[in-house]
Amino acid sequence: MRNYDLEFLKHFSMVIGFLMLVTAGLIVGAYFLHDSLPPEVNPKAAQITEARIAPAGAVYAGETGAAAQAAAAAAAAAASSQVAYGGTLDGGEIYKNLCGACHTNGVGKAPMLNAAGMGARAAKGVDTLYKHAIEGFTGPDGGIMPPKGGNPALTDEQVHATVDWMLANSK
């Protein structure tokens, strides 16, 4: 080997050695620095910090939130206070608009508006029919009568008028 090659290897080895010493010094320094950090004083420090930085209030979002809930409750109260079909006591009109959907075709095993269907029900007595029509009824054969035919806005008088009309018009 030539003299200048040896000179290069000597300088290169010193640079590599110096970099290794710097790396070892950094590792030792990091180790002592890590050990010198104080441990957390309060184990609930995270909870305390969360409470300290929590928002102090809320944002009013207009129609969403409490205002919308209050409006929905008012609308529901207004709707439930209205009487169905303008308060008419015409059983035929109520049957046509509500009851006929099931009793014309026997949907949900509803008795048809004929002597065979309504006759068996009439034998139980008109008071029983009123009660089942108002409160709802599930028959032993699986037939279902929802309370007030599924329209809670009907009054009891309207239900009575409709049951009377159905009994009078069953053929």
Estimated Rh, the chain: Kirkwood, alpha-carbon pairs, angstrom: 24.3
Total lysine pairs under 20 Å (Cα atoms) in the chain, excluding pairs fewer than 8 apart on one chain: 10
Cα-only Debye scattering, segment 122-171: base-10 log of I(q)/I(0) at q = 0.28, 0.31, 0.33 Å⁻¹: -1.16, -1.25, -1.28
Protection-proxy order for peptides 143-150, 102-109, each taking the mean of Cβ atoms within 10 Å per residue, highest first: 143-150, 102-109
Cα pair distances in segment 91-159, grouped into 10 Å bins until the bin that holds the longest one, percent each: 20, 61, 19
Summed side-chain charge close to Cys102 - residues other than Cys102 whose Cβ falls under 14 Å, Lys, Arg +1, Asp, Glu -1: +4
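Every read-out reported here was derived from the displayed coordinates using simple, explicitly stated rules and does not represent laboratory data. This is a predicted model, so every value here is computed, not measured. Glycine also receives a Cβ, built like all others from the backbone with ideal geometry; neighbour counts cover every protein chain displayed.
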